[in-house]
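The values are calculated or read from the model by the stated rules, or taken from the named source; none is laboratory data. Quantities reported herein were computed from a predicted structural model and do not represent experimental measurements. A quick note on method: Cβ atoms are made from the backbone with ideal geometry, for glycine too, and the neighbour counts reach across all protein chains shown. Ligands, DNA and RNA are stripped out before the accessible areas are found, and what is left, the full protein with its side chains, is counted by its heavy atoms. Shrake-Rupley method; radii C 1.70, N 1.55, O 1.52, S 1.80 Å.
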Amino acid sequence: MPTLIVDPLKCTKCGICISVCPCGIIGFGETALPEIDARKAGSCVGCGHCTLFCPSSADSLSSLNPAELICASELEMPSESAAQNFLKTRRSVRRYKQEPLSKEVLTRIFDTVKMAPTACNDQPVRWIVSRDAQKTKQIVNLILCWMREEIFKDPTSQLALLGAHMIAKAKEGTDGLLRGAPNAAIAVVPKSHRWPEDGTIALTYLELAAHSMGVGACWGGFLTMAVRNFAGLREFLEIAEDEHVCGAQMLGYPEIKPTRQFPPREDVNITWL
C-alpha cells in the first residue's frame, strides 16, 4: 500500500493534505507532521491528492513517480471560451480516411484517457484496440455474422430487418457498421466492478482526446450490441465471460471536416431544486 513521505524542512503543517484526503486517513502524528493512520492505511486509494495539493511540495506518495509531477502553474490551459469551443466542436465522424492511426498516435490518445476518473481510483477499464485495418474489417464481418444469426432466429424482428439492410450494403462494398473506420476501441470492466459507468466515462475521454489530436471518433452502437450478444466476436476480441462491455468507439482521421459550427440543439432539460 502507498506510504506518505513528508519533508520536515518543507512542511508548513498547513493541514491541506489532511483536508483533501477523500478517505480521511491522514492526520498529524506524534512528530507533528502529517501521516497516514496505520489503522486506516488499507483504505488508501492512491489518488495522490495529498501530494498534488501540497502548497510547499513537502508531501510525496510512494506510488507516485516524482519525475512525472509537474507544477500546475506551468501547464498551458485553454481560456474558458477556447475550452467551450473545443467541447462544442466535437462531431461524430462517419466518413474516414483509410490511413490507420499509428501506435504513437494511439499511445498519446490513451495517455490522456488513463486520467479519466474511476470510482475509488480502481482504474478497472481494460481496452481492446484494433491497430490493423484488416483486424477492424474482421470485426465488421463478425458483426455481420451476428446479424445473420438474428435474421435466422426471427426474420421479422427490427434487428433482423436492420441486419438485412447492413448485409446488403456490405455486398455493395459499403461498411454501414463501423463506417469504414480503420481502428476501433472497446472498453470493458470486470462484471464484479460496481460502477460500470467508469468505462463510459473513459470512452468519453477517448472521444475528446482523439478530437484534440484531429482524430475522428464515433460511438459504435452496433459493435457494442454485437460484442454483448455474439460469442464469436467476444472470442475474437478475447473478452472473458466475467467482463462487462461498456461500449466502443470507431477511430480514424476524418475524410471531410465541417466548415461551419454549431449544429442545432434543444434547450437543456433541467429541473431546478
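Brief remarks on what is shown
- Within the stretch 194-204, the presence of at least one residue that is at pLDDT 95 or above and in contact with a His (Cβ under 6 Å, 6 or more places away or on another chain) is confirmed.
- Selection count, the stretch 146-180, where residues are farther than 24 Å from TYR96 by Cα and of a type in the set (A, V, I, L, M): 4
- Failed condition for LEU106, given (1) outside any helix (DSSP H, G or I); (2) of a type outside the set (Lys, Arg); (3) in contact with a strand residue (DSSP E or B) (Cβ under 8 Å, 6 or more places away or on another chain): (1)
Results for (1) assigned to a loop (DSSP other than H, G, I, E, B); (2) exposed (fewer than 12 other Cβ atoms within 10 Å of the Cβ); (3) at pLDDT below 95, shown as yes or no for each residue.
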| position | (1), (2), (3) |
| --- | --- |
| ARG234 | no, no, no |
| GLU241 | yes, yes, no |
| CYS246 | no, no, no |
| PRO263 | yes, yes, yes |
| ASN269 | yes, yes, no |
| TRP272 | yes, yes, no |
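For every residue, the table says whether it meets (1) in contact (Cβ under 8 Å) with a residue 60 or more places away in the chain; (2) open to solvent by less than 50 Å² (accessible area, probe 1.4 Å).
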residue: GLU172; (1), (2): no, no
residue: ALA181; (1), (2): yes, yes
residue: VAL188; (1), (2): yes, yes
residue: ASP198; (1), (2): yes, yes
residue: LEU203; (1), (2): no, yes
residue: CYS218; (1), (2): yes, yes
residue: GLU255; (1), (2): yes, no
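- Residue within the stretch 138-153 that is under 24 Å from THR200 (Cα atoms) and exposed (fewer than 14 other Cβ atoms within 10 Å of the Cβ) present: no
- Annotation: PRO124 fulfils all but one of (1) surrounded by 15 or more Cβ atoms within 10 Å (Cβ to Cβ); (2) over 25 Å from HIS244 (Cβ atoms); the unmet one is (2).
- With respect to the conditions (1) surrounded by 11 or more Cβ atoms within 10 Å (Cβ to Cβ); (2) of a type in the set (Lys, Arg); (3) within 25 Å of the chain's Cα centre (by Cα), LYS103 falls short on a single one, namely (1).
- Residue check, ALA170 of a type in the set (Gly, Ala, Ser), touching a Leu at 6+ places or on another chain (Cβ under 9 Å) and modelled with pLDDT of 95 or more: yes
- Subset of the stretch 70-89 [open to solvent by 50 Å² or more (accessible area, probe 1.4 Å) and either assigned to a loop (DSSP other than H, G, I, E, B) or modelled with pLDDT under 95 (or both)]: ILE70, CYS71, ALA72, SER73, GLU74, LEU75, GLU76, MET77, PRO78, SER79
- Screening the stretch 5-69 for strands (runs of 3 or more DSSP E) wholly inside it with 2 or more residues that are open to solvent by less than 30 Å² (accessible area, probe 1.4 Å) and not β-branched (Val, Ile, Thr) returns the ranges 59-61.
- With a requirement of 3 or more residues that are among the hydrophobic types (A, V, I, L, M, F, W, C) and under 24 Å from ILE256 (Cβ atoms), the helices (runs of 4 or more DSSP H) lying completely within the stretch 119-229 that satisfy it span 133-153, 197-212.
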